[in-house]
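The values are calculated or read from the model by the stated rules, or taken from the named source; none is laboratory data. All values derive from a computational prediction rather than experimental measurement. With ideal geometry, Cβ positions are generated from the backbone for all residues, glycine too; neighbour counts draw on all protein chains shown.
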């Protein structure tokens, strides 16, 4: 059984999330900053009348924030009772992945993305990194410590 | 409706109705227990409990939750015996019956979660059955006799309990008719208002429904979902009446009696042993259903509220657009008239929708007696509960959110307030402690809930010692100390409280989540009162739009005491304070009071030098304080949505709203901002001068 995945780019690398968890994708026109929130929280935006926090994935991965361009997208993810937007450089593709294409992450990848990658998939010469959404939104913060 | 039969909706209706019955059952059990303690024998609560069990059994059978059917039936049997024997229940009975209610509640929760329903423990069932004095063996014998006279489809017969066959047979003996009516839900019937629930109500008005058995049937025009319900009834009504009620053809009403209708007459005594006394037959099955009450899922009302929210946002945009054309020199008087009429209509609509969401405070408090019983059981404390809600109402959402806080306060009163009976007697108090919950609706759209106990009061010195802090000299300071995370005023943690989290959580819910206030009055030896003030509704509030460090925020109008123009009302330099935390930027003298002024931008950690042209004055713990900011841009109604995600749960920011520009504007919680210094670093951690300053900020001393 292949599953649909949404592919997006952050700092030149490609990441994937199960399409079933993705609520929608929005172009980014800035978020309302929330004073006192962690630095990787770009702010809150309004999605279909709901207020949703946005995590800047570049900052989450320890990179400097980038200026928004026409390609910048917010991937709105809904999983585990929470709805969070992920700020990414671009998001254009939806592809099917077979279970046998998905492999545990090599050590190196795991370290570079601060443990936010739960698996990888090879697609021709492309390397897709499957994001650990729970970790990105800080649900497993206790395990990390 | 696109789905022919919405199982989820059906189940959620079941959960709601079952919860209602279980709450009722809990209350009645307490009444029975109280009567037994007084040595009285009051048949009414027993009858009520019987009715509630009977209704629950019917509901559970309809959705096929057998464990509830089994337990409810066992309890029913006990009650029938008790009623017949006209004797009070045994002392241990109410405990056991409460366990049964608890087990049924567990089953309902499982249904709610969509999980497998736990099978009731045999031990519990056996214990319940042992309460009933009837001999089970005799009933086994009756069953086969009964079955011989009834003509029931084997598939349905397999699902019937012996007592249900008894009921059918008893009906026949009494000259009534035992019938089966099949009802298949379908979109067409739903469109006519006929669902299994309404069919049950309508037929229930004409007949005694013995059992409803869900069936899978071949999908057909009449049963597009492949589901039907067989209603087994005892009635005096005609087939035509019943067919009309259920919206089916007359031929579909089938008799459950074999062709030889005349049965051997059995001795009268035997019959009465099988039947519940007339007084105990559920009223619901005699009375016509009340039709002027509506049970609605809160989410539907929320939907309406969301629609209203978008209307309010559109209105804001409209007003902006009008302002724009007005700037261009266009005559907008008529537009303005229309707009203000529109505003009035929206306000009325808002009031109507909010009214729908209101629930009686009594409903919120009715779960407390069971809690109290659990808390005092097995202790040497006796507590009497008095509730005075005076018909006050509050928003369903607020009620649900404030309930855990109320539970914490009641627990505190029991565990830390009310003394053990011997200690009370020594202090010349009645052995039984008193907890009084009173609610008063305030005109300002706020509800006041007071939880008062006549216990020993709070020993400020002991609390201070425990917290390793100086002894607080005011109630406000004491409350502050009590709400420190992790503080426990008990040496040994009790099972119910004493883990030192109660007050902390209660205050977070009341102050931060609901934008309310919590205060405390205590007198050693006399008692303690906690007063909770919460907004009646949190969905739509009047706000000030402010600007600070070139960002826009809103503040609820209700917290602002006054807005001061700092360009005319000059600030005095503050007293010299050392320390790293926020320093007041000045002092404002106002009607004989000195008001410390803090720079809002600085407190929020916003970059840039904020200009301070205005100050908003608030009052916290009796003490005024002010925040300076650049501009107050206006006042309007705003639909406020709480920020619930942990990523943006920041003290001092409670919610977000849309002012019409399609992006969120943050709602500031000035009360928390004012208190933040105290809680963030902790008073003890700050240098002495700053610490004293903070204390002054927080309390009224």
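Things worth noting here:
Quick grid of which residues meet (1) touching a strand residue (DSSP E or B) at 6+ places or on another chain (Cβ under 6 Å); (2) more than 24 Å from residue B:296 (Cβ to Cβ); (3) in contact (Cβ under 8 Å) with a residue 24 or more places away in the chain:
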site: B:372; (1), (2), (3): yes, yes, yes
site: B:380; (1), (2), (3): no, yes, yes
site: B:400; (1), (2), (3): no, no, no
site: B:430; (1), (2), (3): no, yes, no
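- Scanning the range B:1-24 turns up no residue that is modelled with pLDDT of 75 or more, in contact with a helix residue (DSSP H, G or I) (Cβ under 6 Å, 6 or more places away or on another chain), farther than 29 Å from residue B:299 by Cβ and assigned to a helix (DSSP H, G or I).
- Segments classed as helices (runs of 4 or more DSSP H), wholly inside the range B:97-203, with at least 1 members that are under 30 Å from residue B:31 (Cα atoms), modelled with pLDDT of 80 or more and within 33 Å of the chain's Cα centre (by Cα): B:122-131
- From the options B:584, B:607, residue that is within 14 Å of another protein chain (Cβ to nearest Cβ), closer than 30 Å to residue A:38 by Cβ and assigned to a loop (DSSP other than H, G, I, E, B): B:607
- Restricted to the range B:628-679, the set of strands (runs of 3 or more DSSP E) holding at least 3 residues that are away from chain A (no Cβ under 14 Å) comprises B:631-642.
- Entirely in the range B:286-385, the helices (runs of 4 or more DSSP H) that have 3 or more residues that are loosely packed, with under 12 Cβ neighbours inside 10 Å: B:298-327, B:333-357
- Tally, over the range B:610-627, of residues that are within 14 Å of chain A (Cβ to nearest Cβ) and in a loop (DSSP other than H, G, I, E, B): 1
- Applying a threshold of 9 Å to beta carbon distances and a minimum spacing of six or more residues, or different chains, the list of pairs starting in the range B:308-330 at a residue that is within 14 Å of chain A (Cβ to nearest Cβ) and ending at one that is in a helix (DSSP H, G or I) and surrounded by 16 or more Cβ atoms within 10 Å (Cβ to Cβ) reads B:308/B:346; B:308/B:350; B:308/B:353; B:311/B:346; B:312/B:346; B:312/B:350.
- Evaluation of residue A:34 against the conditions (1) in contact with a strand residue (DSSP E or B) (Cβ under 6 Å, 6 or more places away or on another chain); (2) more than 8 Å from chain B (Cβ to nearest Cβ); (3) crowded, with 16+ Cβ neighbours inside 10 Å shows that the sole unmet condition is (2).
- When residues in the range B:453-473 are screened for being at pLDDT 85 or above and on the phi > 0 side of the Ramachandran plot, 1 of them pass.
- Residue A:42 being within 12 Å of another protein chain (Cβ to nearest Cβ), under 20 Å from residue A:65 (Cα atoms) and assigned to a strand (DSSP E or B): yes
- Lone qualifier among B:431, B:438 - being at pLDDT 85 or above and surrounded by fewer than 19 Cβ atoms within 10 Å (Cβ to Cβ): B:431
- Just so you know, in the range A:10-31 the residues that are outside any strand (DSSP E or B) and closer than 25 Å to residue A:126 by Cα include one that is farthest from the other protein chains (Cβ to nearest Cβ), and it is A:12.
- Selection of the range A:45-60 for residues being modelled with pLDDT of 90 or more and either in a strand (DSSP E or B) or surrounded by fewer than 20 Cβ atoms within 10 Å (Cβ to Cβ) (or both) yields A:45, A:52, A:53, A:54, A:55, A:56, A:58, A:59.
- Only one of B:230, B:245, B:223 that is assigned to a strand (DSSP E or B), under 27 Å from residue B:257 (Cβ atoms) and over 34 Å from the mean Cα position of the chain (by Cα): B:230
- Subset of the range A:69-104 [within 14 Å of chain B (Cβ to nearest Cβ) and not in a strand (DSSP E or B)]: A:80, A:81
- Breaking point among (1) at pLDDT 90 or above; (2) surrounded by 14 or more Cβ atoms within 10 Å (Cβ to Cβ), for residue A:96: (2)
- Residues located in the range B:527-560, provided they are modelled with pLDDT under 90 and assigned to a strand (DSSP E or B): B:533, B:534, B:535, B:540, B:541, B:542, B:543, B:548, B:551, B:556
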